[in-house]
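Rule-based calculations on the coordinates, nothing more; no lab input. In this text, all values refer to a predicted model and were calculated from it rather than measured experimentally. Methodologically, a virtual Cβ is constructed for each residue, glycine included, from the backbone with ideal geometry; neighbour enumeration extends over all protein chains shown.
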Amino acid sequence: MKTSFLFFYLCITTFSCIEDVPAQQSIDSSYYYYSLIFNPKKNTDLTSAFVFYNNQKNQSLIEKDTLKAINDLRLIAIIQNKIGFLNESENSSVEALKLLDQVKASDSIIVEAKVGLFNHLGKIYRNLELYDKAIEFYNNVLDIAQTQSQITTILNNRAFAYYEQKKYDLAIIEFNKIYKQSLLNNNKKSIARALDNLGLVQSKLNYPVALSNIKEGLKIREDLGYVTGVFTSYLHLTEYYKDRNQKNNALFYAKKALDIANTSKSLTKKESALSFLMDLNDNPEIIEFKRITDSISKVRLTQKNGYASIIYDLGNETKRANENKLKEEKEKRLKLWYQAIGIFIFLGAIFLYFILRSKYKKNKIEQIYKTETRISKKVHDEVANEIYHAMIKLQDDSNTKEEILDDLEDIYSKTREISKENSTIDFTENFESLLNDLLLSYEDTKVNVITRNMNKINWGSVSDLKKTAIYRVLQELMTNMKKHSKASNAVLHFSKLRNRIIIEYKDDGVGCIVKKKGGLQNAENRIKQVNGTITFESQINNGFTAKIIV
């Protein structure tokens, strides 16, 4: 019968007064009492261990050895859980967690302690049949677990929480994970445990392979000489046959389990084996006694649970919320920085692309103009001059025919024209005057050239490349007019729309069918090179028009 913690503590004090001193004083006290917790032989073993670790915890706190106090509290919580004082066990675990929050130690030490404490709280809630709460703690442990051993232990406990909820399919998934990992690690003990547990759960769903898995796990444990594991396998076989009403087989394995408990002098093993034997007993009074004691124990356990872990969680909720908020703000700032850097790089790349493209185009145009200038100079220096000298010689020869002289003079005029059309433009002079001189040079007694609003253009703000393109294209149009159109009037109208210069050309010549080749094609290419447009319109006997936008 379980009593209040106050009565439990008074009993411990009494037992401690009559406790026998260990015969071998050389055995380390901590190791001795540690063994009492996990392998109690007498009724007073757990109480003796409690007194020792409780005194040690108090001394550790006085000496400010927080890590040692936390370890003492973990062992105290295990003792309290074994005896059935689940509320006190929970309180001890939470006290250890609070101390752990104050410790400055390596991550591995902190994680190991938290894994142990959270796992223990999960066990408490399983005992209280609060399975969802237990699974919540196991999930928390899996989030921080660092070693495969820790992960395997928690998966095993979570699987049993599903098993106790009768969620057998989920339990099988968990045990299969453990079995596969155990095979990878070639851990015989872990393989045996996974097979045994897997077979137990499969038996609840009547899987044919269930019995062979339990027996295979038992064989591995027997080969290893792992007595505690063999004991568990016997209990699972007892349960397997009990579920199938094979009482003789069930009793056989329950008695084998009791033999191990008696040999090892383990009270906990003996309690488990006897509990199964009582379940298999047909005596109505024993059956009723078992049912009543189980019910009373369950009610008391539920009433005694104080949910200290929930209080601990609430106490740390503000701290976690603040930490999460700071983390989110930091991540948000980093994200904004990354976005800003990304946008800057993107815009920079676009800007650089257009700069390089513009520079390339400018260089290309400049090279064209340099080539034109070189050709012009070469024609002037080499062709025109040679023809001029030939004409001088022919003039001195009285036998030369006049028509040959006329032909040579015509050639000379053409070479001068080529040179003039491709000569260097001096932008140091006033461009308006240069352009005006160019246009008026085509005026004679037969052709009247009219310009409008040329002086309203701010030519100082126009780049040299655009000036060159405008000059050459108008030169091309005027030459075309002079040679082919037979026009009497040519009108050029200048205007500006925002940052664009518009030049409209019109003459009253004979017109033509517009074909973009030769001079017109050259004119269009020049305007496109400075990102401008030029259009041509003409009809037979209805003049010629062109519109330039740069």
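Going by the alpha-carbon gyration tensor, a ≥ b ≥ c the square roots of its eigenvalues, is segment 112-257 rounded (a/c under 1.5) or, if a/c is not under 1.5, prolate (a/b greater than b/c) versus oblate? Show your work: numbers first, answer last.
Details: a/c = 1.90, a/b = 1.45, b/c = 1.32.
Note, shape of segment 112-257 comes out prolate.
From the cross-link list 482/506; 496/547; 486/516; 219/270, which pairs have alpha carbons spaced over 18 Å apart? Exceeds cut-off: 486/516; 219/270. The alpha carbon centroids of segment 212-230 and segment 469-485 are separated by 106 Å.
With a/c under 1.5 counting as rounded, go ahead and sort segment 484-539 into rounded, prolate or oblate using the C-alpha gyration tensor (a ≥ b ≥ c being the square roots of the eigenvalues; past the cut-off, prolate if a/b is larger than b/c, else oblate). Oblate is the answer for segment 484-539, as a/c is 1.5 or above yet b/c matches or exceeds a/b. Sorting the segments 202-213, 48-59 by their mean number of nearby beta carbons within 10 angstrom, highest to lowest, gives 48-59, 202-213. Remark: segment 481-489, residue by residue, has Karplus-estimated 3J(HN,Hα) of 4, 5, 7, 10, 7, 6, 7, 9, 9 Hz, where x stands for each Gly or Pro and the curve is 6.51 cos²θ - 1.76 cosθ + 1.60 at θ = phi - 60°. Among 272-279, 474-481, 192-199, the peptide with the highest mean count of other Cβ atoms within 10 Å heads the list, and the full ranking is 192-199, 474-481, 272-279. Cross-linked pairs 188/265; 104/166; 180/215; 177/335: Cα-Cα separations exceed 30 Å for 104/166; 177/335. Highest mean first, the peptides 182-191, 486-495 sorted by other C-beta atoms within 10 Å per residue fall in the order 486-495, 182-191.
Extension gain, residue 132 to residue 35: 0.36 nm times the residue separation minus the Cα-Cα distance gives 31.7 nm.
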